[in-house]
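Engineer: One structure is given below, represented as structure tokens, and several questions about it will come after.
The values are calculated or read from the model by the stated rules, or taken from the named source; none is laboratory data. Not measured: the values here are computed from a predicted model. Reconstructed Cβ throughout: ideal geometry from the backbone, glycine too, with neighbour counts over all protein chains shown. Only protein heavy atoms, including side chains, enter the accessible area calculation; ligands, DNA and RNA are left aside. Shrake-Rupley method; radii C 1.70, N 1.55, O 1.52, S 1.80 Å.
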Amino acid sequence: MSTVMSGLVNMASLADFEPLAAVIPATKVEITVSCRNLLDRDTFSKSDPICVLYTQTVANREWREFGRTEVIDNTLNPDFVHKFILDYFFEERQNLRFDLYDLDSKSENLSKHDFLGQMYCTLGELVGSQGSRMERSLVGIPGKSCGTIIVKAEELGNCRESVLMQFCGNKLDKKDFFGKSDPFLVFYRSNEDGTFTICHKTEVVKNTLDPVWQAFKIPVRALCNGDYDRAIKIEVYDWDRDGGHDYIGEFSTSYRELSKGHSQFTVWEVLNPKKKKKKKKYLNSGTTSYRRSLCCPASLMSRLRSWTTSKEGNPSQPTSLHYMSPYHLNAYALALRAVGEIIQDYDSDKLFPALGFGAKLPPDGRVSHEFPLNGNPENPYCSGIEGVLEAYYQSLKSVRLYGPTYFSPVINHVARYASLVKDGSEYFILLIISDGVISDMAQTKESIVNASSLPMSIIIVGVGPAEFDEMIELDGDEVRISSRGRFAERDIVQFVPFRDYIDRRGNHILSMARLAKDVLAEIPDQFLQYMRSRGIKPQHSSHSSSSKPLSTLVQPLQTQI
């Protein structure tokens with residue numbers, strides 16, 4: 001029996017397509033953290049929370065502190081301004097842990113402070129979530145509801161410049177009973193889903209309705225990620241010691257508007273929507289003015305993700321590549337898990353249709369090259385990578401492995417779906433795990449040549465001791481594959497031999513991480529080649545933006561095995 005998985009990536013919208021280097025660099029991802037309803041660990045006030053991010057290395061599974069946010073005094077609902085900027089590799093599993101503490105002193109030692117809860121996830125899960133936004137419950141304190149954490153990711157543009165900004169206020173609303181107001185500004189950049197992400201806070205200017213805030217330097221990408229027309233919302237508050245800051249009003253602008261004129265002042269009215277609705281004669285809650293400098297061009301590198309598996313022998317015998325050992329995974333299961341655990345982070349419902357080929361099926365022994373591993377033709381979906389593995393093992397118990405091994409039927413199967421969506425909204429990945437024997441080489445080459453003009457890629461993992469000459473030929477790195485005088489329009493096949501990733505000391509975690517990285521590494525470039533060759537441009541939403549968050553690139557993944 002052979003096992004095949006195909007992945008489908010739905011592209012809700014596309015970012016600018018830029019050439020990738022031979023070795024694909026990491027994308028920079030900015031992570032913003034907020035929390036709601038944290039535990040109150042202080043007696044006479046609210047908690048003073050801080051968030052600490054830990055990352056875990058694949059090699060030794062050690063958690064290392066990556067960074068800390070600022071401390072926000074007296075609140076159970078913090079919106080942290082400090083961002084975590086990570087190198088993101090979609091082909092690797094990057095484990096994250098967010099720990100929340102209530103700071104009780106200036107000590108850097110976290111054991112001196114009250115633990116408020118934690119959340120685990122992978123960077124892939126975060127990026128693959130709807131809107132690249134994840135909201136989860138904090139855990140870690142038995143018997144306690146620790147509140148929720150909201151984490152949002154956005155791919156950073158290549159904008160390198162900063163801007164020096166200074167604002168002042170005039171005749172702001174008086175909010176304090178015994179004094180004037182203690183105003184400060186909070187800056188938010190807009191997101192594609194209509195939400196806003198905090199990006200800066202000014203200092204508090206005490207007891208005045210005409211504040212002049214200190215000039216501050218901020219990266220342009222923090223304000224708009226290189227998109228000059230992205231909305232920037234600025235809220236004005238009156239600071240209160242108990243953390244219940246009074247809302248004065250707000251105004252909106254954009255970096256393009258901020259950039260107008262080199263020395264002119266720009267004035268905005270500070271508006272409070274509730275007051276405007278209630279009071280007919282309401283004009284504003286004061287004004288703010290601004291002087292600016294510097295600008296920079298915007299650019300963005302986009303990425304993509306996805307996946308898919310095959311072979312022979314009696315699974316009950318140790319000589320079979322499909323051997324079901326009670327002590328360890330066979331080569332197929334190892335490869336499937338290595339790639340699958342990376343890819344499943346990008347699927348919202350974690351349901352994957354799984355198909356097998358190359359077996360005689362019960363009850364009549366019919367040979368099939370396209371059957372559901374879970375035995376349900378009406379619903380071949382499996383829940384997560386563990387569900388796929390379970391279906392794979394169950395099928396080994398119920399079907400009889402049978403050659404020959406035909407690649408072309410499964411390639412054509414995926415190609416039929418890919419041929420229906422040539423507008424760039426979807427991209428398909430087929431992963432085949434096989435022992436190297438291809439019984440329909442001529443037909444397979446023709447199928448690949450035909451598929452090279454479609455939005456799809458093929459990954460082949462070779463298991464066992466074979467020479468893999470045919471698979472190397474299909475890879476086409478040295479000589480572009482051809483059939484009947486026609487050459488493949490582009491290289492869509494990536495081949496790796498499984499044996500090159502076997503760790504003789506038994507360290508499967510590290511070796512399988514290397515396998516997953518190598519088999520997925522060419523996918524972004526193959527995807528970009530297709531888009532550029534078709535002249536497919538970014539699909540912009542009504543919200544004008546030249547820099548798309550990663551969530552618009554990664555939508556629910558569907559997989560066939």
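Engineer: What number of residues within the stretch 225-234 are within 22 Å of residue 271 (Cα to Cα) and surrounded by 19 or more Cβ atoms within 10 Å (Cβ to Cβ)?
Structural biologist: Of the residues in the stretch 225-234, 4 are within 22 Å of residue 271 (Cα to Cα) and surrounded by 19 or more Cβ atoms within 10 Å (Cβ to Cβ).
Engineer: Restricting to the stretch 395-406, what's the tally of residues that are open to solvent by less than 50 Å² (accessible area, probe 1.4 Å) and of a type in the set (Ser, Thr, Tyr)?
Structural biologist: 2
Engineer: Quick check on the stretch 464-487: of everything there that is acidic (Asp, Glu), closer than 30 Å to residue 320 by Cα and open to solvent by 100 Å² or more (accessible area, probe 1.4 Å), which residue is modelled with the lowest pLDDT?
Structural biologist: Only one residue tops the list, namely 467.
Engineer: In addition: Identify all residues within the stretch 256-285 that are modelled with pLDDT of 85 or more, open to solvent by less than 100 Å² (accessible area, probe 1.4 Å) and in a loop (DSSP other than H, G, I, E, B); write none if there are none.
Structural biologist: 270, 272, 282, 284, 285 - these are the residues of the stretch 256-285 that are modelled with pLDDT of 85 or more, open to solvent by less than 100 Å² (accessible area, probe 1.4 Å) and in a loop (DSSP other than H, G, I, E, B).
Engineer: Open to solvent by 10 Å² or more (accessible area, probe 1.4 Å) and either of a type in the set (A, V, I, L, M, F, W, C) or assigned to a strand (DSSP E or B) (or both): is that true of residue 222 in this structure?
Structural biologist: So residue 222 fits the description; yes.
Engineer: A further question follows. I need a count of the residues in the stretch 407-440 that are within 26 Å of the chain's Cα centre (by Cα), of a type outside the set (A, V, I, L, M) and open to solvent by 10 Å² or more (accessible area, probe 1.4 Å).
Structural biologist: 6
Engineer: Please work out which residue is nearest to the chain's Cα centre (by Cα), limiting yourself to the stretch 371-394 and to residues that are assigned to a loop (DSSP other than H, G, I, E, B) and surrounded by fewer than 17 Cβ atoms within 10 Å (Cβ to Cβ).
Structural biologist: If we take residues in the stretch 371-394 being assigned to a loop (DSSP other than H, G, I, E, B) and surrounded by fewer than 17 Cβ atoms within 10 Å (Cβ to Cβ), then 379 is nearest to the chain's Cα centre (by Cα).
Engineer: Moving on. If I ask for residues that are assigned to a loop (DSSP other than H, G, I, E, B) and open to solvent by 40 Å² or more (accessible area, probe 1.4 Å), which ones from the stretch 41-72 would you list?
Structural biologist: 41, 43, 44, 45, 46, 57, 59, 60, 61, 62, 70, 71
Engineer: Among what's in the stretch 173-197 and is of a type in the set (Phe, Trp, Tyr) and under 28 Å from residue 254 (Cα atoms), pick the residue that is surrounded by the fewest Cβ atoms within 10 Å (Cβ to Cβ).
Structural biologist: This residue is 196.
Engineer: Name, by its number, the condition in (1) farther than 24 Å from residue 515 by Cβ; (2) among the charged types (D, E, K, R); (3) open to solvent by 30 Å² or more (accessible area, probe 1.4 Å) that does not hold for residue 102.
Structural biologist: (3)
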